[in-house]
């Protein structure tokens, strides 16, 4: 007995059927125009995007201004910021009910494989900042290789939940990872 069902529809199924569907971006993708500057990086973009997804704020992280959300902030000045002699800027600050958590993104180039003077400065900055906020160092190799952004979202939740990772540079398991290399 032959089936009378047609194998394909005669009608389109919305704009995708005629080639006008918008492209859906999965994962953080490339940083939007205006995000990367002399003091910000594409690695920070991945973390910014993941923070926006975890908190669902801002709804579209690709639209400026890039300040963060209601419960978290991006590039928060502390003790005078870049304008003061011993001032600093925390990459990300999260205003949790029990504490304020500051996240410092640690990159291989500028924090792990750098001069002893830079490492000493980073340590002094961490100690000074820890008087005001709970500081968590996050290493780029833990989240930048995942194209979907899932690793970054998980790492945001882990860092805010109190999970700490050992420094790859100090313990000899540092590896060079490029964005979306996996």
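Worth pointing out:
- For the stretch 43-166, relative contact order (Cα pairs under 8 Å, six or more residues apart, normalised by length) works out to 23 percent.
- The order of 165, 82, going from fewest to most other C-beta atoms within 10 Å of their C-beta, is 82, 165.
- Counting 0.36 nm for each residue step from residue 55 to residue 127 and taking away their Cα separation leaves a gain of 23.1 nm.
- Shown is the FRET efficiency for residue 99 and residue 30, computed with R0 = 35 Å from the Cβ-Cβ distance and rounded to the nearest 0.05: 0.55.
- Residues in the stretch 62-104 that a label on residue 165 would reach, taking backbone N under 17 Å of a point 7 Å out along Cα→Cβ: 91-92, 102-104
- Per-residue Cβ neighbour counts within 10 Å put 41, 98 in the sequence 98, 41, beginning with the fewest.
- Relative to its Kirkwood radius, the Cα radius of gyration of the stretch 43-166 gives an Rg/Rh of 0.95.
Every number in this text was worked out from the coordinates using simple rules, so none of it is lab data. Note that the structure is a prediction, hence the values are computed from the model and not measured. Cβ coordinates were reconstructed from backbone atoms using ideal geometry, including for glycine residues, and neighbour counts include every protein chain displayed.
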